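What follows is one structure encoded as structure tokens, with my remarks underneath.
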Amino acid sequence: MRLKDFGLRNGINEVIVITKGEKLNTAPIGIIVENEDSIFAKARLYPSHTRENVEKGSFFVANILNDPVIFAISTFDDLEEDYFESLEPPIIKGTLSVCEFEAKLIGPYASLKLLKGKVLRTEIRAVNRGFNAVIEALISATRLKINPELEKRIRECYEIIEKCGGEREKEALKIIKERTGIH
Ligand SMILES: Cc1cc2nc3c(=O)[nH]c(=O)nc-3n(C[C@H](O)[C@H](O)[C@H](O)COP(=O)(O)O)c2cc1C
């Protein structure tokens, strides 16, 4: 078993992490991989519900998927249960692969050890700049309060999403506009 068997490659892998507090929590998190042939990774966890849940001993399940709408909703809210195709383990509808990690907090990082992984679907998709721009806009949106200058970057992402995105990217764009107030 290796991280790369489930799509986690060297570098930073943007995934949806599901943890549990009083209810299921979903958040986009970057899983940092230095050796894709191993079962070890890490994630920098800023103060958030995800971090709090890990502190309290929650499971840490990564869903690898490429739906921009799921990334957009999870950035600002938690997905309701009807977005899931399974709750144990938590799997969001359309997820390509799922990885369950043991997570231990060490300073600002969670040290991650892969316990179990499963590929659920394989899908061929060419690179879409609109999808990448959705991810960029979302990251900037989460940092907007500490750096208001990111508004310019978000607007640049909008142009790319409008030009290159498909329906799901455009739906994600609507959510970003509503939730940031940047139109
Ligand atoms: C693509 C993407 C990657 C992100 N990566 C991280 C990360 O690695 N660590 C982190 O603490 N927050 C990251 N964030 C921000 C969290 O997802 C965001 O703060 C979220 O609202 C936290 O939700 P929670 O409080 O429900 O855990 C990322 C956001 C996006 C859009």
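The values are calculated or read from the model by the stated rules, or taken from the named source; none is laboratory data. On a predicted model such as this, the values are computed, not experimentally measured, just so you know. Cβ placement follows ideal geometry from the backbone for every residue including glycine, while neighbour counts extend to all protein chains displayed. In case anyone asks, the SASA skips ligands and DNA or RNA and just uses the protein heavy atoms, side chains included. Shrake-Rupley method; radii C 1.70, N 1.55, O 1.52, S 1.80 Å.
The Cα atoms of the range 82-183 give a gyration tensor whose axes a ≥ b ≥ c have a/c of 1.5 or more with a/b no greater than b/c, which makes the shape oblate.
Each stretch of four or more DSSP H residues adds -39500 (n - 2.57); spread over every residue of the chain, this sum gives -10000 deg cm²/dmol at 222 nm.
With all protein chains present, how much of the accessible area of the range 129-180 (probe radius 1.4 Å) comes from carbon and sulfur, to the nearest whole percent? After summing per-atom areas, the C and S share lands at 48 percent. Within the chain, the selection of entire DSSP H helices by a Cα span of 15 Å or greater along the long axis and an average Kyte-Doolittle value of at least -0.5 returns 129-143. Extension gain for the segment Asp77 to Glu55, taken as residue separation times 0.36 nm less the Cα-Cα distance, is 5.9 nm to one decimal. Among the GluC sites (Glu not before Pro) within the range 97-157, those in coil by DSSP and having at most 14 neighbouring Cβ atoms inside 10 Å are Glu123, Glu149.
Is the shape of the chain best called rounded, prolate or oblate, per the rule: a/c under 1.5 gives rounded, else a/b larger than b/c gives prolate, else oblate, with a ≥ b ≥ c the square roots of the Cα gyration tensor eigenvalues? Prolate. For the chain, the solvent-accessible area with a 1.4 angstrom probe is 56 square angstrom per residue.
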